[in-house]
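Participant: The following block contains the structure, expressed as structure tokens.
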Amino acid sequence: MEWVSLSWLQAMVLAVVQGLTEFLPISSSGHLSIVSKLFFGEDAGASFTAVTQIGTELAVVIFFLKDIVRLVGVWFRGLVNAEVRRTQDYRLAWYVIVGSLPIGVLGFLFQDFIRSTFRSLWITGTTLIVFGVLMGLAERFGQQRRSQDRLRLSDGVVMGFAQALALIPGVSRSGGTITAGLSLGLDRPTAVRFSFLLAIPAVFAAGLSEIPHVFEPSPYGLQPTTAQMIVATVVAGVIGYAVIAWLLRFVERHSVYLFVWYRIALGLLVFGLLGFGVMQP
């Protein structure tokens, strides 16, 4: 089995791509696959993608630390206190837990497809366009009347299954959950914030479970060293923190159409590069 080593330049480029794209609804895994195949001739690999996401999820934890500490504390108190169980924070904590289950179960069942078949650039190009159109429709027709204090369990379930679709590169975890949230009538800031909270358990679990696979010889993906993996994860996290702050401000004042048109344009570009043989699927 051939071992294709990752260079430091490749590791840093892919770390920057991961940090810039993880929280935007444009698919970080899709971008990593496109950039690594276009410029380096090899896929970054599902394991590299999952582990560097630990860095970006640490950025979420730091950014929302006060909210996370509050929700965890309320959840534990609510297990023994009926009055606490009637609060919105207690219910929100459960919504995050329930919404994290689909991606965990489906990720475990389809892990072999995630590392191989699902990483075809034909699939990535298609999902970029299709889910870009769906996000545009959700922006156009979603009522966007419900804020965080009106979240329901059904929102957590639907957005949880939407998050699970991001196991396919090109769908976008944040794109899927934001699209689902807008379709359910949530306003943009609520859909985005809940998307971030929903990602924490699932992405940490996926990243930790993939650590052993990063350093195994594999026909799927470039192979990093331990030092490259650590540095890439830190770089992705630092950049990701800045992107979170920017995105939360952006969605308060603007629609998501910028990301819709970007996704469609990128998907068409991928089809063109594949069709002319510039990239291999």
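Participant: Rounded if a/c is under 1.5, else prolate if a/b beats b/c, else oblate: with a ≥ b ≥ c from the C-alpha gyration tensor eigenvalues square-rooted, which is region 61-153?
Facilitator: The shape class here is oblate.
Participant: Counting only C-alpha contacts under 8 Å and six or more residues apart, can you give the relative contact order of region 8-276 as a whole percent?
Facilitator: Worked out over region 8-276, it gives 36 percent.
Participant: Hey, what's the chain come to in accessible area per residue, 1.4 Å probe, Å²?
Facilitator: 45
Participant: When the accessible area of the chain is computed with all protein chains present and a 1.4 Å probe, what percentage of it is carbon and sulfur?
Facilitator: On the chain, the fraction of accessible area on carbon and sulfur atoms equals 70 percent.
Participant: Also, quick follow-up: Taking each pair of distinct Cα atoms in region 8-276 once, what is the resulting Kirkwood hydrodynamic radius in Å?
Facilitator: Evaluated on region 8-276, it is 18.6 Å.
Participant: While we're on this one: Give the relative contact order (percent, whole number) for region 73-185; include only Cα pairs under 8 Å separated by 6+ residues.
Facilitator: Averaging sequence separation for qualifying contacts and normalising by length gives 33 percent for region 73-185.
Participant: Ok, one more. Going by average Cβ density within 10 Å per residue, which order do the peptides 188-199, 227-238 take, highest to lowest?
Facilitator: 188-199, 227-238
The values are calculated or read from the model by the stated rules, or taken from the named source; none is laboratory data. Just so it is clear, the model here is predicted, and its values are computed rather than measured. A quick note on method: Cβ atoms are made from the backbone with ideal geometry, for glycine too, and the neighbour counts reach across all protein chains shown. Just the protein is used for accessible areas: all its heavy atoms, side chains included, with ligands, DNA and RNA removed. Shrake-Rupley method; radii C 1.70, N 1.55, O 1.52, S 1.80 Å.
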